[in-house]
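Structure first, commentary second.
Where a number appears in this text, it was derived from the coordinates with a stated rule and is not lab data. The model shown is predicted, which means the values in this text are computed figures rather than measured ones. With ideal geometry, Cβ positions are generated from the backbone for all residues, glycine too; neighbour counts draw on all protein chains shown.
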Amino acid sequence: MADGRLGANRQRASHAEAERAAALDVLVVGDGPAGFAAAAACAAAGLRVGLVGDRLDEAWPANYGGWVDELAELGVGHLVRHSWRDATVIVRPPKERSLGRGYALIDGEGLKAHFAERLREAPRWAGRAATATHDATGTTVTLTDGRTLRARSVVDAGGHRPALARRAAGDPGFQTALGWLLEVESHPFGFETMRLMDFGDVPGADPRRPTFLYAMPFDDRHVFVEETTLCARPARPIDDHRPLLEARLAALGVRVKRVLETERCWIPMGVPLPPADQRVVPFGGAAGFVHPATGYQLATALRRAPALAAALAAHDDPRLAADAGHAAVWPADARRVWALLTFGMEVLLDLDLARTRAFFEGFFAVPRADWSAYLAGTATLPQVARTMTRVFGAVSPALKLRLMRHGLSGHGVGAVRGLVGG
Ligand SMILES: Cc1cc2nc3c(=O)[nH]c(=O)nc-3n(C[C@H](O)[C@H](O)[C@H](O)COP(=O)(O)OP(=O)(O)OC[C@H]3O[C@@H](n4cnc5c(N)ncnc54)[C@H](O)[C@@H]3O)c2cc1C
């Protein structure tokens, strides 16, 4: 009897939720930075938007970093926890090279609150989306607990394992890393600069599988350090990085008191771009936004969210809205640039420490405007091609030969296909 009443109540509640959601233009699935950015942009575009996520009230687990100028341009330059006047790289030790570009650690809580403020009127549901069924007027999303939500358009921002969107088959590489926020007795890093990439020697490390250090010093007692494999296929186990990080810190003279926080990083890179013939529009990690050369995606999500919202707002017909949404998430030009960047990633996968150093020496020797745009993912096709040509011109004959061989391999052919839109 009591069970029956409970069931009826649950049914009524789920019906009421579906009714509320029936009024939605857009339902965003996923509560990471991409989901919040997409939902906030939809609200700003005047769309009735709702958000469903399984970690709505939790802090985002990752420490996001980004370039100061880029964050300012995206309107979130004030939402940083710490910033550094400059970022440096050590490609050929001991020379530390200034990149002449400020870097910041994003205030994740602040960024989430910034979006949440724009979503004051938007309904949010704590739960996990399981399935989506489509008809002529919209989509019904069923959550794992049986509740149903309905909207004209659905955006999947469920991260690297998309919640609802179909993904093309592919063979991505993986960035893996182990990061520690440390309390230290002393460290050798300057306070005004952060070290974006340190390919200095690590005692005992295998030169065939290079890793680099990423280091953000906060004060003389606290520093965040991360040992990273830029990209590997298959993924290098995260725990492989522990002895390397320990050995590197010892070699650098970092005297550790204790580990305050641990960050475990696993990011698929160079995933195939999502098929555009589906009603669910993927966004963020789910849409393959992770930059094939850096592992970053946040700036791309912030940059493309308004275009996605405008595209979804432009059509009442759900099919047309989905088509426009896909085109906004992955414009044709951006697809071509990505094909070339992914080819660049394939090249890096195979390089040992000596060749990786030669490659980055060439890379950071190109004009800043070009490498900046390359890393930001905003480079035009000619800009990416020019950067690659310059890097090619700067490297040794042996590396040139290797790059040429790679260009003739299946991956090179794949890149050409991507460039011509095949
Ligand atoms: C440790 C680490 C550090 C990183 N550092 C940076 C950085 O500095 N800069 C940068 O740009 N990128 C960085 N990245 C890349 C990173 O993957 C992305 O920037 C970002 O987290 C991806 O955002 P997202 O919103 O697409 O996905 P996620 O952050 O993965 O968020 C997806 C959310 O959706 C929820 N979800 C999934 N499925 C469902 C479902 N079925 N129903 C409801 N909710 C669901 C998930 O629980 C999660 O909360 C880092 C990644 C890691 C792992």
Residue among Asp323, Asp219, Asp31 with the largest mean-square fluctuation in a Gaussian network model of the chain, springs linking Cα atoms under 10 Å: Asp219
Shape descriptors of segment 158-250 over alpha-carbon atoms, Rg and Dmax in angstrom, are 15.9, 50
Degrees between helix 298-313 axis and first principal axis of the chain (Cα, 0 to 90, nearest 10): 30 degrees
Candidates Thr139, Thr148, Thr262; GNM for the chain (alpha-carbon contacts under 10 Å) flags as most fluctuating Thr262
What is the gain in length, in nm to one decimal, between Glu73 and Phe392 on full extension, counting 0.36 nm per residue of separation less the C-alpha to C-alpha distance? 111.7 nm
For Lys400, give me every one of the aspartates and glutamates with a C-alpha distance below 20 angstrom, ignoring sequence neighbours fewer than eight places off in its own chain. Glu346, Asp350, Asp352, Glu361
Among DSSP bridges having both ends in the chain, what percentage is antiparallel? Round to the nearest 5. 70 percent
Can you tell me the 0 to 90 degree angle between the C-alpha axis of helix 2-22 and the longest principal axis of the chain, rounded to 10? 70 degrees
Expressed as a whole number of Å, what is the distance separating the alpha-carbon centroids of segment 140-170 and segment 310-329? 17 Å
Would you mind calculating the relative contact order of the chain from Cα pairs under 8 angstrom and at least 6 residues apart, reporting the percent as a whole number? 17 percent
Among Glu58, Glu73, rank each residue by its count of other Cβ atoms within 10 Å, from fewest to most, as a rough exposure measure. Glu58, Glu73
Per-residue HN-Hα couplings for segment 205-217 [Karplus 6.51, -1.76, 1.60; θ = phi - 60°; Hz; x = Gly/Pro]: 7, 7, x, 7, 10, x, 10, 9, 9, 10, 9, 10, x
Residue exposure sequence - Phe289, Phe224, Phe364 - by fewest surrounding Cβ within 10 Å: Phe364, Phe224, Phe289
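Note down the Stokes-Einstein diffusion coefficient of the chain in µm²/s, whole number, using a Kirkwood radius over alpha carbon pairs, 25 °C, and 0.890 mPa s. Write down the numbers at each step before the final one.
Values: Rh = 22.8 Å.
Calculated translational D: 108 µm²/s.
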Going by how many other Cβ atoms sit within 10 Å of their own, how do Glu263, Glu227 line up, fewest first? Glu263, Glu227
Once the in-chain neighbours fewer than 8 apart are removed, the lysines whose Cα is under 29 Å from Lys257 read Lys95
Helix 381-394 versus the longest principal axis of the chain: what is the Cα-based angle in degrees, 0 to 90, to the nearest 10? 20 degrees
Show me, for segment 98-112, the HN-Hα J-couplings you get by feeding each phi into the Karplus relation (A = 6.51, B = -1.76, C = 1.60, θ = phi - 60°), rounded to Hz, glycine and proline as x. 7, 8, x, 8, x, 10, 9, 8, 6, 7, x, 4, x, 5, 5
